[in-house]
1. With each pseudo-label sitting 7 Å past Cα toward Cβ, what's the LYS27-GLU112 distance in nm, one decimal?
2. If you add up the charges near GLU19, with Lys and Arg at +1 and Asp and Glu at -1, over every other residue whose beta carbon is less than 15 angstrom from its beta carbon, what do you get?
3. Could you work out how far the C-alpha centroid of the stretch 72-104 sits from that of the stretch 1-67, in angstrom?
4. Residues with beta-carbon under 13 Å from that of THR60, excluding THR60: net charge, scoring Lys, Arg +1 and Asp, Glu -1?
5. Provide the net charge surrounding GLY45, with neighbours chosen by a C-beta distance below 9 Å and charges set as Lys +1, Arg +1, Asp -1, Glu -1.
6. Helix 2-12 versus the longest principal axis of the chain: what is the Cα-based angle in degrees, 0 to 90, to the nearest 10?
7. Once you put a point 7 Å from the Cα of GLU44 and another 7 Å from the Cα of VAL70, both along the Cβ direction, what distance in nm separates them?
8. Given LYS63/LYS96; LYS6/LYS96; LYS6/LYS56; LYS31/LYS83; LYS91/LYS115; LYS27/LYS49, which pairs have Cα atoms separated by over 18 Å?
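None of the figures in this text is laboratory data; all of them are computed from the coordinates on show. Because the structure is a prediction, the values reported are computed rather than measured. Here the Cβ positions follow ideal geometry from the backbone for every residue, glycine too, while neighbour counts run over all protein chains shown.
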Amino acid sequence: MNNIIKEIENAQLKETIDEFHVGDTVKVYAKVKEGARERTQVFEGVVLKRQNGGIKETFTVRKSSNGIGVEKTWPLHSPIVEKIEVIRRGKVRRAKLNYLRGRVGKAAKVKELVK
C-alpha cells in the first residue's frame, strides 16, 4: 500500500525546480484564474521558510506592500506555481526568518550574499 502512494506522489513531482534558499529575494510566477480567463501574477519578496519535503514541501514569501507585510505560502510542486526566479541571494544564519515579521523598513532587509 505504501509503495502505491509513493509512486503516485513521485508522478506528481516537478522535474526541475529552481534552486532557492531561505533569505533569497525571489519572484514567484503564479497562475490566477478569474472566471474563464487565466493569467500569471508575479509575487516578489523574501523567502521566510521552506518546510517539509517531497510532494508536501511548501515555502513562504513575504513582501511589504504600502507599509503592510503580506505573506503567501505555496506548495513547491503545485501546478499553480509556474516558475520561481531568484533575484538576489540572502546571507542568513537561520532556517526560518520569523523575526522579520516584527520589523519594518530597513530593519526588515536581509544582507546580500557576495561570492
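1. For LYS27 paired with GLU112, the spin-label model returns 1.6 nm.
2. Net charge in that neighbourhood comes out at +2.
3. 9 Å
4. Every neighbour counted, the sum reads +4.
5. On the way: positive: LYS27, ARG62, LYS63, LYS72; negative: GLU44, GLU71.
Around GLY45, the surrounding residues sum to +2.
6. Approximately 60 degrees, to the nearest 10.
7. 1.3 nm
8. LYS6/LYS96
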